[in-house]
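The values are calculated or read from the model by the stated rules, or taken from the named source; none is laboratory data. The model shown is predicted, which means the values in this text are computed figures rather than measured ones. Glycine also receives a Cβ, built like all others from the backbone with ideal geometry; neighbour counts cover every protein chain displayed.
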Amino acid sequence: MSLAVEDLEQIASLIDQKLQQQPWQKNANVRYEMDIRERMARVEQELLHQRELMEQGFVQMDKRFEMLINQMEKRFEQIDKRFEQIDKRLDQMDKRLDQMDKRLDQMDKRLDQMDRRFEMLTEQMEKRFEQMEKRFEQIDKRFEMQAEQLDKRFEMQAEQLDKRFEMQAEQLDKRFERQEKQFNLRFEQIEKRLDQQHQEIVAIHQEIKTQMRWFFATSMGIGGLVVAILRLWPV
């Protein structure tokens, strides 16, 4: 059953009369409104304070991002410097290898010169022996004994020369063996150094990967916090 307009007006007039008879209820409503306004003012102040804190947090986050970017740039510069040092070391190794090749070429040239000298000496000895034989043929048979003695002496000298040449050849072989051992040891040391440098480069790459993962995780976490704050922010 719906009420008529007159009935509603009568009810409103009765309520006004009742409120006029009880003034303390009006005061209570006024106090309630004042309390609500004070609470709203406090809430607004708190929101302003939180907004200032959030702005400070954003400023600190920007500073931290700048610090992280500067640190990453410095680390990349250090990595570039290390690569440059490795390139310089490799250039030094190439220069040393070139020097070793030059020394080996010089040794080959010296050996060729020694071979030529030996050939010249043998040719000269052969010519001298031929001349001696011709002279001995011209000499009388009386000098055959002397010729035989001379032949024996020459044979002994030839044996001594052969022994000397053999000793020199053995010494040269020993020197070459020592040099080969030294070269092998140097090459082994070079390989070890290259392995160590390779391990250092791998460790640097792993460190860069971990730093990039950490930077990506922190940026994602900060982005999630920013999105959550924006969603919770009152419009």
Matching residues in region 76-93 - criterion: being of a type outside the set (Lys, Arg), farther than 17 Å from Lys209 by Cα and without any contact (Cβ under 8 Å) to a residue 12 or more places away in the chain
Phe83, Glu84, Gln85, Asp87, Leu90, Asp91, Gln92
Being within 23 Å of the chain's Cα centre (by Cα), assigned to a helix (DSSP H, G or I) and either modelled with pLDDT of 85 or more or of a type in the set (Ser, Thr, Tyr) (or both) is the requirement here; does Gln71 meet it?
yes
Hey, among Leu230, Leu172, which residue is surrounded by 10 or more Cβ atoms within 10 Å (Cβ to Cβ) and of a type in the set (A, V, I, L, M)?
Leu172
Do the conditions hold for Gln211, that is, is it under 22 Å from the mean Cα position of the chain (by Cα), at pLDDT 80 or above and under 30 Å from Met72 (Cβ atoms)?
no
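So that you can scan it fast, the table gives a plain yes or no per residue for (1) assigned to a helix (DSSP H, G or I); (2) closer than 30 Å to Gln85 by Cα; (3) not polar (S, T, N, Q):
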| site | (1), (2), (3) |
| --- | --- |
| Lys134 | yes, no, yes |
| Asp162 | yes, no, yes |
| Arg178 | yes, no, yes |
| Asn184 | yes, yes, no |
| Lys192 | yes, yes, yes |
| His205 | yes, yes, yes |
| Met212 | yes, yes, yes |
Considering region 214-235, residues that are of a type in the set (Val, Ile, Thr) and assigned to a helix (DSSP H, G or I), and then whichever is nearest to Arg82 (Cα to Cα), we arrive at Thr218
Given Glu144, Glu155, Glu137, which one is more than 30 Å from Ile190 (Cβ to Cβ) and modelled with pLDDT of 80 or more?
Glu155
